[in-house]
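Worksheet for the structure shown next.
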Amino acid sequence: MADDTPLLVDRDGLVTTITFNRPAVLNAINKPTLEALGQALADAQADDSVRVLILTGSGAKAFVAGADINELAIQTPVGAREHALAGQRVFDLVEQLGKPVIAAINGYALGGGCELAMACTIRLAADTARIGLPEVTLGILPGYGGTQRLARLVGKGKAMELILTGSPLVAEEALRIGLVNRVVPAAGLMDEARALAALIASRPPLAVRYILSAIHEGIDMPFADACRFEATLFGLVAATEDMREGTRAFLEKRPPQFRGR
Ligand code: COA
């Protein structure tokens, strides 16, 4: 039943929630799901009235339990490479959308599910979540950017350990090593994600976009170049009406009315 709509897209004001909807296979990502995700992201990117996205999984058990192993089991070398590149393109889009994407990790985030969460801007985990990259136990390795994003998030040593053992972490341990931003009781996860999304959606969207860009693009640059890039974005944001409004509102001791211009 769920496979008719492997992805649910819901809009609530400035926030779009994308829900992986294959609970019978713990929301594993197959090719149609990946394509639907790419399309939903492109739609959200093109729509200026969408300010923040939330990604989550349907059911109480899983965020996303990985790429669909039924597809992996029959892959050819050329097909596997194409598959990895296709997944990387979609996950890169999550990271480079120009809008914050919050992962609300409501259960298993394994393999591609962990890689997807790592491509998100901020990760909130239910206290019941289990997070990791178990690919090695299947005789493969992470192929959606996991070897690179995990090492950048938690450091090379921990990434080596997690990817070589394939053992998932409980939520509190993921928090301790910086793999997730917060752990919350499972029942309150979506409220927490919506509250965070609403707070960021209330911020001026051009400043938000440049902050994402400064951190995401800057982090792979030499430090001095990244700081010059930051200064350029700082200059660019000074051209916005929202900058004038934000600074004026502070001086006039009133709440700002940002318009996204
Ligand atoms: N791809 C395809 N099917 C998957 C899947 C995946 N990544 N993860 C789970 N499923 C399916 C199971 O085969 C099972 O199907 P069935 O009911 O037809 O037997 C169903 O989802 C429920 O999973 P099950 O294993 O019975 O649940 P569990 O609670 O015993 O274990 C996990 C949960 C997450 C520990 C276990 O499903 C698992 O290890 N999944 C694979 C995780 C993985 O290696 N991901 C990386 C892929 S690259």
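The values are calculated or read from the model by the stated rules, or taken from the named source; none is laboratory data. Remember, predicted model here, so these are calculated numbers, not experimental data. Please note: Cβ atoms are built from the backbone with ideal geometry, for glycine as well, and neighbour counts cover all protein chains shown. These area figures cover heavy atoms from the full protein model, side chains too; ligands, DNA and RNA do not enter into them. Shrake-Rupley method; radii C 1.70, N 1.55, O 1.52, S 1.80 Å.
When the test is whether a residue is assigned to a loop (DSSP other than H, G, I, E, B) and without any contact (Cβ under 8 Å) to a residue 40 or more places away in the chain, Asp242 does not pass it. Within the stretch 59-84, the set of residues being near the ligand (Cβ under 7 Å from one of its atoms), over 19 Å from the mean Cα position of the chain (by Cα) and of a type in the set (A, V, I, L, M) comprises Ile69, Leu72. Among the residues that make up the stretch 69-77, is at least one of them buried (at least 18 other Cβ atoms within 10 Å of the Cβ), modelled with pLDDT under 95 and more than 20 Å from Cys120 (Cα to Cα)? So far as the stretch 69-77 goes, yes, one or more of its residues are buried (at least 18 other Cβ atoms within 10 Å of the Cβ), modelled with pLDDT under 95 and more than 20 Å from Cys120 (Cα to Cα). Tally time: how many residues in the stretch 167-178 are surrounded by 16 or more Cβ atoms within 10 Å (Cβ to Cβ) and within 16 Å of the ligand (Cβ to nearest atom)? Total satisfying the criteria: 5.
Take the conditions (1) in contact with a Lys or Arg (Cβ under 7 Å, 6 or more places away or on another chain); (2) open to solvent by less than 50 Å² (accessible area, probe 1.4 Å); (3) within 11 Å of the ligand (Cβ to nearest atom); Val50 misses just one of them, which is (3).
Figure legend. Inter-residue proximity from the stretch 57-76: first residues closer than 13 Å to Leu138 by Cα, second residues within 9 Å of the ligand (Cβ to nearest atom) and among the hydrophobic types (A, V, I, L, M, F, W, C), beta-carbon distance below 6 Å, spacing 6+ or different chains. Indicated pairs: Gly66/Ala28; Gly66/Leu110; Ala67/Ile29; Asp68/Ala28. Candidates are the residues of the stretch 112-161 that are farther than 21 Å from Leu196 by Cβ and polar (S, T, N, Q); the one that is least open to solvent (accessible area, probe 1.4 Å) is Thr147.
Please determine, by comparing only the residues of the stretch 105-125 that are outside any loop (DSSP other than H, G, I, E, B) and farther than 21 Å from Ala67 by Cβ, which one is nearest to the ligand (Cβ to nearest atom). Across the stretch 105-125, the extreme among qualifying residues is Leu124. Among the residues that make up the stretch 190-200, is at least one of them among the aliphatic types (A, V, I, L, M), in contact (Cβ under 8 Å) with a residue 40 or more places away in the chain and not in a helix (DSSP H, G or I)? No, the stretch 190-200 contains no residue that is among the aliphatic types (A, V, I, L, M), in contact (Cβ under 8 Å) with a residue 40 or more places away in the chain and not in a helix (DSSP H, G or I).
Checked against (1) under 20 Å from Arg130 (Cβ atoms); (2) not in a loop (DSSP other than H, G, I, E, B), Gly59 meets all criteria but (2). Whether any residue in the stretch 85-104 is under 20 Å from Arg209 (Cα atoms), open to solvent by less than 40 Å² (accessible area, probe 1.4 Å) and within 16 Å of the ligand (Cβ to nearest atom) is what I want to check. So far as the stretch 85-104 goes, yes, one or more of its residues are under 20 Å from Arg209 (Cα atoms), open to solvent by less than 40 Å² (accessible area, probe 1.4 Å) and within 16 Å of the ligand (Cβ to nearest atom). Go through the residues of the stretch 85-102 one by one and say whether even a single one is in a helix (DSSP H, G or I), more than 17 Å from the chain's Cα centre (by Cα) and at pLDDT 95 or above. Taking every residue of the stretch 85-102 in turn, at least one turns out to be in a helix (DSSP H, G or I), more than 17 Å from the chain's Cα centre (by Cα) and at pLDDT 95 or above. Given the criteria surrounded by fewer than 17 Cβ atoms within 10 Å (Cβ to Cβ) and farther than 30 Å from Asn106 by Cα, does Ala226 qualify? Judged against the criteria, Ala226 is a match.
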